[in-house]
Amino acid sequence: MSDNRSRQPAKRALFARGSWSETSRVSDILRKETVGGALLLAATAIALVWANSPWSSAYDTLRDTRVGTDSLGLHLDLSLGTWAADGLLAIFFFVVGLELKREFVAGDLRDPARAALPIAAALGGMIVPALIFVAITAHVGGDATQGWAIPTATDIAFAVAVLAVLSTHLPAALRTFLLTLAVVDDLLAITVIAVFYTDEVNLAALGLSLLPLALFAVCVQRRVRSWWVLIPLAVLTWAFLHESGIHATVAGVLLGFTVPVLRSQSAGGPDAGPGLAEHFERRIRPISAGFAVPAFAFFAAGVTVGGYKGYFEALSDPIAVGIVAGLVVGKAVGIFGTTRILSAATRASLDAALRWIDVFGIALLAGIGFTVSLLIGDLAYGMGTDRDQHVKIGVLTGSVIAAVIASMVLMMRNRHYRKVCAEEARDEDHDGLPDVFLPSESQ
């Protein structure tokens, strides 16, 4: 009887420890994103200080300076702020595309059972904030509800940077969950941008964008690494997609999806070795985190607050209130609630090493919405409009509140796990050898 019980497969625990290769990869990404988060924070602070200084007109002039040409008929005479939002963020989304493909082709999420949790949590973290925003802004009328997607995005750089500072002893499964959740969140966000924030599509330009995209795909599938070949094809794809009316950052994701993950397409699983995607990610991620995203933040976050009175007047706008409520309440409720529902529906228990308060802390941390939230705000209400200014104040305020509350919860949990680690270390010293080196009862 006991033998039959021992043969029954154990139920999968939520947030179980992943493979060593995946944990190592996630840790490496976390270290890089931490630096990117610091640069992002610095760029945001500089923009806010400059925009609210006596020299604010110089900031506006710099942001609105137009660079480019219309001579090719592609409408590329853009302001520096637009170049940052449409051009530099395409680099960020290229890295997102690489990471997404890596997760679902060779990462732990190639297992549908593992993929279900972050995908479902990301969906919950999008639906609930959107509903809260619409409920708060519906009575305003006009195009107020157009910004429903603003509080649905998680800023991976900011969130990971906060977690890296706090998570000296938090289980690695939580960090993996946050990173994967944010990546899936980015996929949903770029899908929303492409579907809901495209007024009209120039089919001719869209068709033309497929040609350099296909050539890029052929080159990377043949393992071509020559930048003088790939960069012109990528730029042409971006330019034609920009002209088509679809937001140009979508080009970054599409280009990332074409890059092979495995060294040999005939081989399956992580044993096939790293492919071109890993090579590109190592080269491009520093550019994305170190320059592209901070530059976008610099041009996007420079909102003129107008003192305490101006700040609270802007924050009283239902649009700003909806963003703050969506980020702080909606994200936490959506992600945590979906995880609990999934646990109950599948009868899967939480991993023995974790508690539900840990998951709640990560859900709160996902309420840090900055880069993509600001981008969606520009698309929803127009860059530089009064509502766009209120969006920026709402995003900044909601992100700070979510970060503070999440930090309080995670710092408390980090102290708990630090004590647990200390007690285990004392027990190991007392016993002479760690438990993993002691013979089991069956031996």
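Report the net charge of residues surrounding PHE360, where surrounding means a beta-carbon distance below 13 angstrom and charges are Lys +1, Arg +1, Asp -1, Glu -1. Charge balance near PHE360 sits at +3. Accessible surface of LYS309, taken over heavy atoms with a 1.4 Å probe and every protein chain present, rounds to 150 Å². The convex hull around the C-alpha trace of region 311-415, projected and averaged over every direction, spans 7.7 square nanometres. For PHE216, PHE299, the ranking by accessible surface with the largest value first comes to PHE299, PHE216, using a 1.4 Å probe. With the highest mean first, a sort of the peptides 52-60, 403-411 on other beta-carbon atoms found within 10 angstrom per residue produces 403-411, 52-60. Each other residue within a Cβ distance under 15 Å of THR69 adds +1 if Lys or Arg and -1 if Asp or Glu, for a net charge of -2.
For region 280-358 versus region 53-95, the inter-centroid distance based on Cα atoms is 25 Å. Counting only protein chain heavy atoms and rolling a 1.4 Å probe, the accessible areas of HIS247, HIS416 rank, largest first, as HIS416, HIS247.
The values are calculated or read from the model by the stated rules, or taken from the named source; none is laboratory data. All figures in this text were calculated on a predicted structure; none of them were measured in a lab. So basically every Cβ, Gly included, is an ideal-geometry build from the backbone, and we count neighbours across all protein chains shown. These area figures cover heavy atoms from the full protein model, side chains too; ligands, DNA and RNA do not enter into them. Shrake-Rupley method; radii C 1.70, N 1.55, O 1.52, S 1.80 Å.
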